[in-house]
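Visitor: Let me begin by handing over the structure; questions about it come next.
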Amino acid sequence: MRYYNLLILALIIGTVNLSWGQSEKKYIARTIAFYNVENLFDTINDPKILDDDRTPTGSDRWTSEKYNSHVNNIAKVISEIGFDVTKNTPDIVGVSEIENKTVLMDLINTTFLKDSNYGIIHFDSPDARGIDVALLYKKSVFTPNSSHNHELRIFDENKKRVYTRDQLLVSGIFDGEEIHFIVNHWPSRSGGEARSRWRREAAAGLNKKIIDSLVQLNPNAKIISMGDFNDDATNSSFKKILETEGNRNRVKPGKLFNPMEDMLKKGYGSLAYRDSWNLFDQIFFTQELLKEDRSTYRYWKANVFNKPYLIASEGQYKGYPFRSYSNGAYTGGYSDHFPVYIYLVKEVE
């Protein structure tokens, strides 16, 4: 937590009228982050999922040494997201591509994160590879009241079930006010973007159903949806199904603002493939978080966490996110995705 004076925030937010003679106001800034941690698997073979490669005798030769290195690398990254502003670790962290709760326990107990006292909310999903989503939260800031894993039930053209990740909804009290968080990892583009599009549109439909149900209960609900969507903010899953808006001045009450749409147009990316950048990792939210009254938490700004050490400096993926595994070998890197994050601010006495 860190305080900011009105002059600094007014220049950045652009919604506060400032006169030189008025007294200063102070704000709390808090960080909400999302990170695809690239196959954070333990070394133990689980017969219920397809994790054979990530074992000591598997094709990845996934040893305890490599696993511990990957856990510590991910923890280091998380500990620094938003730190330059808040001088603290993130208050909420959504994660994807984790195998189970055990790896999350190892993650939050590293020297990088232990003092933050994170809690964990996680459900095993029906994904064939066994990769799940989860929410990490600071117990000193957020108190969960309820959590549900919403299953995405989709079937291919042969009426065969496509097993993919759940969407995790966590509702609770965030520093005195109710906020809902949804963590996503939508179906991949395997087989091509067009051919697989219907799967992500179905995922968007489920996300919209969750959000609409919360807004129906409370039209002023603060809802933040985050994840690796395997789509950009301009794709049909966002613009057609979720009907997200990239211009904050056009967002209607109960509707969704996606700051990543404008960032994408400006060239920001969270992952790269064949010299093309995408911003699949996104955080969007309801219009309630855009209001000018900052007596409660409101949106400030969004960013991609892409520090130089997270960028590969050589090899096939030079200039891309420094991944942990490449060409059949452990690289000592971090992830093939950059984390993304937003700041929420609230005026204090």
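Visitor: Label I173 and A329 with points 7 Å out from Cα along Cα→Cβ: what is the distance between them in nm?
Guide: Label-label distance for I173 and A329, simple model: 5.4 nm.
Visitor: Then there is this: Is there a quick way to get the dipole size of the chain? I mean about its Cα centre, with the Cβ of Lys and Arg at +1 and of Asp and Glu at -1; what is the value in debye to the nearest 20? If you can, show how the numbers build up before the last one.
Guide: Details: 45 positive and 45 negative charges, 156 e Å.
Here the chain has a charge dipole of around 760 debye.
Visitor: Within 10 Å, count the other beta carbons around each residue, average over each peptide in 120-129, 70-79, and list them highest first.
Guide: Per-residue Cβ counts within 10 Å, averaged per peptide and sorted highest first, yield 70-79, 120-129.
Visitor: Going by a ≥ b ≥ c, the root eigenvalues of the Cα gyration tensor, does region 32-179 fall in the rounded group (a/c under 1.5), the prolate group (a/b larger than b/c) or the oblate group? Kindly include the intermediate steps, with their values, before the conclusion.
Guide: Numbers: a/c = 2.45, a/b = 1.23, b/c = 1.98.
Judged from the Cα gyration tensor, region 32-179 comes out oblate (a/c at least 1.5, b/c at or above a/b).
Visitor: Using DSSP to call loops (not H, G, I, E or B), can you name the trypsin sites (Lys or Arg not before Pro) in region 135-190 whose Cβ has at most 14 other Cβ atoms within 10 angstrom?
Guide: K139, R153, K159, K160
Visitor: Over region 3-348, what relative contact order in percent results from Cα pairs under 8 Å that are six or more residues apart?
Guide: Relative contact order for region 3-348 comes out at 17 percent.
Visitor: Cα-Cα pairs above 22 Å in region 229-349: how many percent?
Guide: The share of Cα pairs beyond 22 Å in region 229-349 comes to 43 percent.
Visitor: Please go through region 207-263 and write out the GluC sites (Glu not before Pro) that DSSP classes as loop and that have at most 12 other C-beta atoms within 10 Å.
Guide: Here the GluC sites (Glu not before Pro) that fit, given the DSSP loop and packing criteria, are E243.
Visitor: List H148, H185 from most exposed to least, where exposure is judged by having the fewest other Cβ atoms within 10 Å.
Guide: H148, H185
Visitor: To make sure I understand the rule: partners must be aspartates and glutamates, Cα under 18 Å from the Cα of K222, and not fewer than 8 residues away in the same chain. Which ones qualify?
Guide: Leaving aside aspartates and glutamates fewer than 8 places away in the same chain, those within reach of K222 are D91, D175, E177, E178, D212, E243, E245, E288, E292, D293, E347.
Visitor: Most exposed first by the Cβ proxy, i.e. fewest other Cβ within 10 Å, how do W277, W186 rank?
Guide: W277, W186
Visitor: If you don't mind, another one. Tabulate in residue order the Karplus-calculated ³J(HN,Hα) for region 35-50, using 6.51 cos²θ - 1.76 cosθ + 1.60 with θ = phi - 60°, rounded to whole Hz; enter x for Gly and Pro.
Guide: Running phi through 6.51 cos²θ - 1.76 cosθ + 1.60 with θ = phi - 60° gives 8, 7, 8, 6, 6, 7, 10, 7, 9, 8, 6, 9, x, 7, 9, 8 Hz.
Visitor: Calculate how large, on average over all directions, the projected area of the Cα convex hull of the chain is; give the answer in nm² to one decimal.
Guide: 18.0
Visitor: Take peptides 263-276, 285-298 and line them up by average Cβ neighbours within 10 Å, highest first, as a rough protection proxy. Write down the numbers at each step before the final one.
Guide: Values: 263-276: 14.7, 285-298: 18.1.
Peptide ranking by packing, descending: 285-298, 263-276.
Visitor: As an exercise, take the mean of 1/r over every pair of distinct alpha carbons in region 94-236, invert it, and state the Kirkwood radius in angstroms. The partial results should precede the final answer.
Guide: Values: mean 1/r = 0.0617 Å⁻¹.
Result for region 94-236, one decimal place: 16.2 Å.
Taken together, the values in this text are just the output of simple stated rules run on the coordinates, not laboratory data. Bear in mind the structure is a predicted one, so any value in this text is a computation, not a measurement. Note that we place each Cβ from the backbone using ideal geometry, even for glycine, and neighbour counts take in every protein chain shown.
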